[in-house]
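Peer 1: Please find one structure pasted underneath; my questions will follow.
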Amino acid sequence: MRTVETAQTFLTAAEVDALVGDYLAGMGVKALAERYGIHRATVFSHLRRRNVPSRRPGLGVGEKAEAVRLARAGVSMRAIGRRMGVDRKAVRVALVEAGLIVEDANDGM
């Protein structure tokens, strides 16, 4: 069996400092992963090691509009979430706010 090797990227302390600063300035985890050439899970690991409080995952105004556009095009909430780097619940919140999904009175019970 043949495996594909990927190069592991190690960040310097200065790069981790910059990553933390970018996160605290509002940059998303997906964008950080792309900027620093690391996996999203590695971004979370660096933040956790630096005791950086996590933000509640959600979508910005422009991202909510994109989520609505994708949902109207038939893309599933899970697929939208994967594409945008958030969980399905964050996508659902955006779709409820846009009126695409009606909250069930039994939700949350």
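Peer 1: Return a yes/no flag: does the stretch 58-75 have any residue that is among the β-branched types (Val, Ile, Thr) and at pLDDT below 90.
Peer 2: So far as the stretch 58-75 goes, yes, one or more of its residues are among the β-branched types (Val, Ile, Thr) and at pLDDT below 90.
Peer 1: So, in the stretch 26-38, how many residues would count as being surrounded by 13 or more Cβ atoms within 10 Å (Cβ to Cβ) and not in a helix (DSSP H, G or I)?
Peer 2: The total comes to 3.
Peer 1: Which one of Glu63, Glu103 is among the acidic types (Asp, Glu) and assigned to a helix (DSSP H, G or I)?
Peer 2: After ruling out the rest, the residue left standing is Glu63.
Peer 1: For the stretch 43-98, which residues satisfy the criterion of being closer than 30 Å to Ala14 by Cβ, of a type outside the set (D, E, K, R) and free of Cβ contacts under 8 Å to residues at least 24 places away in the same chain?
Peer 2: Answer for the stretch 43-98, where residues must be closer than 30 Å to Ala14 by Cβ, of a type outside the set (D, E, K, R) and free of Cβ contacts under 8 Å to residues at least 24 places away in the same chain: Phe44, Ser45, Asn51, Pro53, Ser54, Gly60.
Peer 1: Report, by residue number, each residue of the stretch 50-85 that is closer than 14 Å to Tyr23 by Cα and loosely packed, with under 14 Cβ neighbours inside 10 Å.
Peer 2: Matches in the stretch 50-85: Arg50, Asn51, Pro53, Ser54, Arg55, Arg56.
The values are calculated or read from the model by the stated rules, or taken from the named source; none is laboratory data. Note that the structure is predicted; figures quoted are calculated from it, not measured. Glycine also receives a Cβ, built like all others from the backbone with ideal geometry; neighbour counts cover every protein chain displayed.
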